[in-house]
Structure formats: C-alpha cells, structure tokens
1. In Å, what Rg and Dmax follow from the Cα atoms of the stretch 218-289?
2. Of all DSSP beta bridges in the chain, what percent run antiparallel (nearest 5)?
3. Checking the table LYS254/LYS292; LYS24/LYS357; LYS376/LYS441; LYS56/LYS374; LYS56/LYS288; LYS75/LYS330 against a 28 Å threshold on Cα-Cα, which pairs fail?
4. Using the alpha-carbon atoms, what tilt in degrees (0 to 90, nearest 10) does helix 224-236 show relative to the longest principal axis of the chain?
5. Quick one: helix 446-462 against the long Cα principal axis of the chain, what's the angle to the nearest 10°, folded into 0 to 90?
6. 7 Å from Cα along Cα→Cβ at both LYS78 and GLU249: what's the point-to-point distance in nm?
7. Exposure proxy check: SER100, SER358 ranked by fewest other beta carbons within 10 Å?
8. Order the peptides 250-261, 34-45 from the highest to the lowest mean number of other Cβ atoms within 10 Å of their residues.
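What follows is calculated from the coordinates using simple rules that are stated; it is not laboratory data. Bear in mind the structure is a predicted one, so any value in this text is a computation, not a measurement. A quick note on method: Cβ atoms are made from the backbone with ideal geometry, for glycine too, and the neighbour counts reach across all protein chains shown.
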Amino acid sequence: MTRKKVCVIGAGLGGLSTGLFLSKKGYAVTVFEKEELIGGRALSLNGNDLTLKDYKKILSKYSMAISFSEPPLKKIFKEKMLKDYRLDLGFHSIGGGEMSEAGRVVFETGSEINIIGTRLGLVRRNGYKFPLLNLIDKLIILPQILRLYSYNEKTMKQLDTVSIADTIKKYDKKKLTFVLELLPRVITTVNNLNKISTGESFRANQLNIKRGSSPVGYPVGGLDTINNALVQGIESNGGRILLNHEVKEIIVEKGSVTGVKIKDKTFDSNLVIYNGLVQNLFQIVNEKNFSKKYVKYIKSLKGTGSLCAYYSLNNIPYELTGKSFLFIEKNADVDGDDAVGMIEFVTADPKVEVAPKSAYLVQSYIICTPNEAKSKKMLTKLKKILDKNLDRLIPNYKNQLNWAIYPTVWHLDGVAKTIDNKKPDIKTPIEGLYLVGDCTKAPGIGINCAINSAKILCNEILY
C-alpha cells in the first residue's frame with residue numbers, strides 16, 4: 001500500500017514535530033529546509049566551528065543582528081573566545097521546564113533528554129528574592145489561584161478579549177497586581193498590558209499549575225538535543241530531512257495543493273505544511289489563490305522583539321547557579337511604559353554543558369517591540385537595563401567578564417499573541433495547506449506554541 005505523501009516546509013520545531021507525529025502514523029514525510037542547519041530559530045551554534053562571517057549570516061536570515069559586544073566581535077572570533085561554548089540564536093528558556101512540550105515531544109521519539117527546570121526569582125534594587133512567591137504570598141492570592149485553576153475553556157474564551165490591564169483594575173490586590181504585571185509579559189513577550197489577552201495568559205499558567213512543572217527550564221547540551229532527537233525519530237519512521245532544499249513554490253490547482261517545487265524539480269503531494277514566518281507565505285504560494293481579506297490579514301500580522309545578552313563569566317555566586325530571575329524596569333519608555341526581562345543562570349549550571357569547565361554562561365533578555373528592536377537609541381537604553389540588573393545579582397560582575405554578546409531580534413515570536421493581533425488558524429483556505437509554528441493559534445509561546453501547533457494539526461488530519 002502506497003503511503004500518503006506529506007511535504008513539510010521548514011525544519012523548525014513546528015515542522016520537525018509535525019514530521020515526527022505524521023511519520024509515526026505511516027505518512028511518507030519529507031521535510032525541506034533551505035538552510036544547512038536544523039532547528040529554525042530554536043538553534044544552537046557550536047562555538048568551535050563558528051566563524052564571524054557565518055555567525056552574522058545566520059543571524060541575518062532570522063531577523064537578527066549583534067547590536068553590541070564586549071570586546072568587539074572581531075576580537076572575540078579572532079582570539080577564539082567562543083571555544084567550547086554552545087550559543088543559541090537568542091534567549092531560549094523553555095516554558096514549563098522538565099514538563100514542557102519540548103520534553104514531551106522528545107519522549108515520542110523514544111529518546112531521552114534532560115531538561116533542567118527551575119522556579120523564578122525576582123531581581124531587586126539590592127539583591128534578589130527567590131522564589132518569586134513564597135508561601136505567605138501564595139496564601140494571600142490563593143483564592144485567585146484556585147479560581148484560575150478551575151476556569152474552563154468557555155470562560156477562557158470570554159477572557160480572550162479582556163486585557164490584563166483591565167483584569168488588574170478588577171482585582172486591585174497589591175500582590176496579585178504585581179504578579180499580573182510581570183508574568184503575562186513574560187508569557188507573551190509583550191510589554192503593553194493593554195494588548196495582552198487575559199485568556200491567553202491564564203491558559204499558559206493553568207497548564208503549568210495542572211502539571212506541577214517548573215516555570216522554565218533548559219535542555220542539557222543545548223537546543224540541538226531536541227532537534228536531533230526529532231530528526232532521528234522522523235528518519236527511523238522512514239521520513240526524510242533534506243537540507244539546503246529551498247521550496248520556491250507551493251503548487252495549487254483548483255483550490256487544492258498538489259505539491260512543491262524546488263528549483264526545477266517538483267515533489268507531488270496533496271498535503272503541504274508550512275513552518276515559516278506566516279507573513280512570508282505569499283513568497284512561495286500565489287496570493288491570488290486566497291481571498292483579498294485573508295491576504296490582507298496575514299500580511300498585517302506583527303511579531304515580537306527583544307534584546308538578548310550572553311555573558312561569559314569566570315565566576316558566579318554558587319547560590320545563583322541553576323536559578324532564573326525576572327526583573328521589571330518601570331518607566332522604561334517602551335510601548336507599555338514598563339519593560340520586563342529575565343536573567344537565567346540555568347545555562348551557568350555545569351550540568352547543562354554549554355560552556356567550558358573554566359567558565360559560566362549566563363543568558364538574558366528584555367522585551368521590546370520589533371520597531372524598538374531596530375532603534376539603536378532604544379537598544380542602548382535596554383542594554384544598560386540588562387547590565388544593571390545583572391550587576392544587582394552579581395555586583396561588579398564586569399570584573400569576572402570574559403566576553404558579552406548582545407543579539408537583537410525584531411521578529412522573535414512569528415506573531416505576537418495580543419488582543420489586536422490574533423494568530424491565524426492552522427488550516428488555511430487552500431485544501432491540503434496547513435500552517436505550523438509559533439505563528440499559529442496554539443497554546444503557549446515560542447517552542448511550546450510551535451510543538452502544540454503540530455499536535456493540533458495532526459489531530460485535525462488524523463481524526
């Protein structure tokens with residue numbers, strides 16, 4: 001019996017997860033990736049092999065650039081300062097820690113990865129608080145936590161159009177207000193509380209509460225451990241991953257897909273899954289196949305942005321190892337006034353194995369809009385905020401600094417999960433054409449959203 005053919009465009013986590021799920025069900029899966037690396041934006045780079053030219057080139061392909069570095073980037077590469085480091089494209093803490101969708105999808109491959117999970121702390125003007133909420137704090141807001149835990153999907157949908165700003169006004173409890181000012185921003189990578197959906201924020205928190213998982217985590221060995229496990233799973237089920245294969249066209253006939261074209265070769269398929277920036281969809285499929293309303297909607301969607309930082313330190317206080325800290329900068333002059341970010345010492349845990357034994361790697365980020373991520377003046381201000389908050393945790397940290405690299409990204413989440421910028425459905429108006437990845441309507445953000453989109457897609461196709 002001939003297996004049904006599936007073409008997956010893009011070897012990001014959404015595409016790889018889709019390939020895994022469908023190949024397990026007997027589909028003949030081919031994943032086309034235009035780059036020579038797997039993982040999409042969830043990508044780890046090997047510092048031993050990385051050149052300055054290649055680093056800049058791969059960043060530019062994912063709407064990124066290096067805004068600052070200490071010392072200059074040329075010196076970092078000339079003196080091979082990245083030897084034995086593994087660097088992600090940007091900040092990639094995984095929501096849900098050891099119980100995240102990333103860990104669960106790897107379990108589907110039969111492989112094992114170890115995700116180091118942690119609770120969240122808070123950077124203060126003088127030092128820090130860990131965890132973010134102690135027992136007394138939790139008791140104060142316990143009624144609201146129990147109410148959140150009990151909300152059903154019908155209630156969540158009603159809250160989808162209610163902003164976090166309005167929810168804060170409703171409850172007006174000091175401790176709860178602070179939590180609502182902080183966590184929804186982290187969940188959505190958006191600073192403006194008037195744009196953040198209460199329903200979407202509560203869904204993500206509810207899932208963590210139900211699973212009893214750590215808020216965040218990071219995989220031992222870097223993100224490649226997840227990507228490689230998914231590739232092995234696809235290939236063990238008879239699927240293929242074709243690198244350096246850029247899809248030039250999705251072929252549509254009479255409202256249905258019939259295949260894809262790579263250079264002058266056509267691959268027949270009546271099921272095509274696109275795992276890329278949704279705004280770029282019409283670069284490879286003629287927009288005349290869609291209604292003008294759909295085309296306008298897709299092109300109008302906005303992403304999110306951030307300024308990241310990687311710090312290599314000779315030493316860190318032992319008590320910080322393996323912890324993650326949030327911070328909020330009031331009146332930061334960003335959209336939404338206040339800016340929220342995170343400084344993570346999980347990557348500084350030697351067990352994570354992303355730095356040489358003689359050093360510690362700390363990753364951090366601060367949220368901004370795509371336009372803010374393109375402003376040198378704004379980025380300079382955000383860099384100072386990142387450095388200031390690290391200095392609060394490690395006073396005079398620059399005395400321990402080997403190097404620091406600050407990647408900025410102006411298209412982080414493919415589509416910002418906000419009230420006025422709703423993510424598209426996985427099924428498109430074209431028969432047989434689907435979307436997956438963090439651009440689509442699925443629970444969670446970033447990595448979790450991408451993997452969940454693959455689950456939703458497969459459920460729709462298979463049942």
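1. 15.2, 48
2. Details: 56 of 75 bridges.
Among the beta bridges of the chain, antiparallel pairing accounts for roughly 75 percent.
3. Numbers: LYS254/LYS292 17 Å; LYS24/LYS357 39 Å; LYS376/LYS441 32 Å; LYS56/LYS374 16 Å; LYS56/LYS288 35 Å; LYS75/LYS330 35 Å.
In this structure, LYS24/LYS357; LYS376/LYS441; LYS56/LYS288; LYS75/LYS330 exceed 28 Å between Cα atoms.
4. Helix 224-236 sits roughly 20 degrees off the main axis of the chain.
5. 30 degrees
6. 4.8 nm
7. Numbers: SER100 28, SER358 10.
The most exposed by this proxy come first: SER358, SER100.
8. Values: 250-261: 16.7, 34-45: 20.8.
Descending packing order for the listed peptides: 34-45, 250-261.
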